[in-house]
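The values are calculated or read from the model by the stated rules, or taken from the named source; none is laboratory data. Keep in mind it's a predicted model, so treat the numbers as computed, not measured. Cβ coordinates were reconstructed from backbone atoms using ideal geometry, including for glycine residues, and neighbour counts include every protein chain displayed. Surface areas here come from the heavy atoms of the whole protein model, side chains and all, with no ligands, DNA or RNA. Shrake-Rupley method; radii C 1.70, N 1.55, O 1.52, S 1.80 Å.
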Amino acid sequence: FVPTRPRILFNDRMTLDLEDLTLNLVTFGRDHTESDVIVHVPQLELLLVGDLFSRDWFPSFQSPASDVPRWFQVLDSLPSERGGVKRVLSGHGDAMTGDEFRGQVAYLRGVWNAVAKARAEGRTLASTQEHLPFEKAFPPASREAGLPGAKEQHLSNVETAWRIQAANPVGPSS
């Protein structure tokens, strides 16, 4: 095995024209690693998300080092709901539909915004967790609500969002 250094590097975004396919690459922002990249293939209405999202586990903010405002900036830059992403491939588990992926993103945005609002109102973390119960934040009818550890992960998400916002005060995400 001979390691080969990359010959193409980019900082934020890059488009690769492969003649019959276009690959739109965008750095996702700090997560559990420093180099996560999302790839959108418009001709296939496909989004490749590595291990950032998965159909097989409940969505999370990962760690207090996550750059969540950047996440939402990147996710908001993806094509519109109707014409850009119908299938999402993860590095783990089965493919998701675009709607399942958007549901996970909506959940994370909802928690993020609820925590920002609670902090602005002067609530404590415990009060925020109490006023943002799992059932309210993520309707039990959705598939992800039945994933193992979902309720515990929800409480962890509220706490992680709280810690991130305490370290870097931000407002709600649109």
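Take the residues in the stretch 28-71 that are at pLDDT 90 or above and in contact with a helix residue (DSSP H, G or I) (Cβ under 9 Å, 6 or more places away or on another chain); name whichever of them is farthest from residue 153 (Cα to Cα). Taking the candidates together, the pick is 45. Applying the condition of being in a loop (DSSP other than H, G, I, E, B) and of a type in the set (Asp, Glu) to the stretch 71-124 and asking which residue is most open to solvent (accessible area, probe 1.4 Å) yields 81. Residues in the stretch 91-130 that are among the small types (Gly, Ala, Ser), closer than 23 Å to residue 39 by Cβ and out of contact with any Lys or Arg (no Cβ under 6 Å at 6 or more places or on another chain): 3 in all.
Taking the stretch 104-138 on its own, how many of its residues are out of contact with any strand residue (DSSP E or B) (no Cβ under 9 Å at 6 or more places or on another chain) and closer than 26 Å to residue 79 by Cβ? Number of matching residues: 10. Among all positions in the stretch 58-66, there is at least one residue which is touching a Gly at 6+ places or on another chain (Cβ under 8 Å), closer than 29 Å to residue 149 by Cα and touching a residue at least 60 places away in the same chain (Cβ under 8 Å).
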